[in-house]
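Presented below is the structure to which this report refers.
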Amino acid sequence: MASTSTTKKEIASELLPLIRVYKDGTVERLWGSPYVPPCPHDPQTNVSSKDINISHNPTISARLFLPQNQIYQKPQHLLPILVYFHGGGFCFESAFSSDHHRLLNRLVSQAQVLAVSVEYRLAPENPLPNCYQDCWDALQWVSSHRTHKELDADNTNKEPWLVNYGNFDKLYIGGDSAGGNIVHNVAMKAGVERLCGDVKILGAFMSHPYFLGSKPIGSEPKGEDFEKWLPCKVWKFLYPSAPGGINNPMVNPVGPGAPSLAGLGCPRMLVCVSSKDELSDRGVWYYELVKESGWRGEVEVFEVEGEEHAFHILGEAETENVKIMIKRLASFLV
């Protein structure tokens with residue numbers, strides 16, 4: 001009788017409850033929302049979306065969102081541009097996931113902006129800090145459309161939504177959780193490097209941003225519990241070679257060797273926190289650091305009481321607090 005035994009893949013490492021890495025190199029993602037296709041017309045928000053490629057090597061893509069009414073306006077009214085970096089602990093979620101698709105539909109409808117939601121490469125297959133460079137490259141790609149728009153009538157190799165509808169004098173970046181951390185790092189890079197077409201970032205928002213430091217603050221766990229805390233484990237698991245560990249300037253903006261926050265490359269910033277979010281204290285901490293850094297811009301903090309981490313993204317229902325959060329983000333994008 002033939003053997004019916006099956007071979008079970010061996011686990012190399014785990015970051016529970018998020019991901020599992022097998023010895024054959026494959027990664028199983030245990031968290032995150034399912035993929036959804038773009039929609040030419042979302043009936044609830046009247047927003048159109050489509051997917052585009054930004055780069056083939058490395059592989060960077062994006063989902064674009066445009067208010068439906070813009071397509072039929074003559075003359076076409078130019079819209080602020082939002083380049084968005086999704087959250088998911090650097091290792092799960094996607095610009096194409098249902099949670100972030102729903103968020104961008106709601107925000108684009110409310111704010112009347114053109115959004116570019118970046119599909120950056122995920123860890124651990126693509127180790128940190130690759131995602132930061134991917135997001136910077138995506139921002140440069142968006143910015144390059146201004147030069148093309150002004151100097152070259154041949155738009156065949158450029159994204160028509162950006163060329164036809166984008167106002168490059170009103171370019172914003174935004175993100176949630178790990179994406180909020182990416183916002184910080186991209187804004188710091190923009191303070192020392194020019195964007196294509198000399199485009200400037202007008203403002204940056206971060207929702208429930210992910211930051212760390214070796215000294216716990218506020219309600220963060222203390223002692224051995226801090227080492228076992230999931231936000232702490234995420235950084236150590238995904239970037240074990242990070243110089244300085246959890247004091248690396250990418251995750252601790254005032255860690256050893258970190259550049260001054262006075263160098264942030266935008267004039268406006270909004271930090272959003274929720275009272276029941278375990279990252280809330282770090283968000284307020286970051287706001288205070290920016291305010292005291294000597295940066296010449298305007299920074300605000302906005303808190304929603306009684307809500308958890310990324311509540312405006314993870315819940316399908318458009319609750320009163322979700323509406324309040326979306327309206328606050330939209331009011332920033334003017």
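The values are calculated or read from the model by the stated rules, or taken from the named source; none is laboratory data. This one's a predicted model, so the numbers in the text were calculated from it and none came from an experiment. All Cβ positions, even for glycine, are placed from backbone atoms using ideal geometry, and neighbour counts span all protein chains on display. Accessible surface areas use protein heavy atoms only, side chains included; no ligands, DNA or RNA. Shrake-Rupley method; radii C 1.70, N 1.55, O 1.52, S 1.80 Å.
Look at [x] 20.6; [y] 19.1; [z] 26.1: the one that is mean projected area of the Cα convex hull in nm² derived from this structure is [x].
DSSP bridge analysis restricted to the chain gives an antiparallel fraction near 45%, rounded to the nearest 5.
Extension gain for the segment residue 26 to residue 50, taken as residue separation times 0.36 nm less the Cα-Cα distance, is 5.8 nm to one decimal. If the cut-off is a Cα-Cα distance under 30 Å, which lysines reach residue 50, setting aside same-chain residues fewer than 8 apart in sequence? Partners within reach: 74, 149, 158, 170, 189, 200, 323, 327.
For the range 279-329, applying the loop criterion from DSSP together with a ceiling of 13 other beta carbons within 10 Å to the GluC sites (Glu not before Pro) yields 292, 305, 316, 318.
Near residue 53, once Lys and Arg are set to +1 and Asp and Glu to -1 for all other residues with Cβ below 11 Å from its Cβ, the sum equals -3.
Apolar share of the accessible surface for the range 16-110: 55 percent from carbon plus sulfur atoms, 1.4 Å probe. The Cα atoms of the range 191-334 give a gyration tensor whose axes a ≥ b ≥ c have a/c of 1.5 or more with a/b no greater than b/c, which makes the shape oblate. Using a probe of 1.4 Å, the accessible surface attributed to residue 268 totals some 50 Å² when neighbouring protein chains are kept in position.
The Cβ shell under 15 Å around residue 106 holds other residues with a net charge of -1, Lys and Arg each +1, Asp and Glu each -1. For the range 201-301, lysine pairs with C-alpha atoms less than 26 angstrom apart, excluding pairs fewer than eight positions apart on the same chain, total 13. DSSP beta bridges confined to the range 27-124 are antiparallel in about 75 percent of cases.
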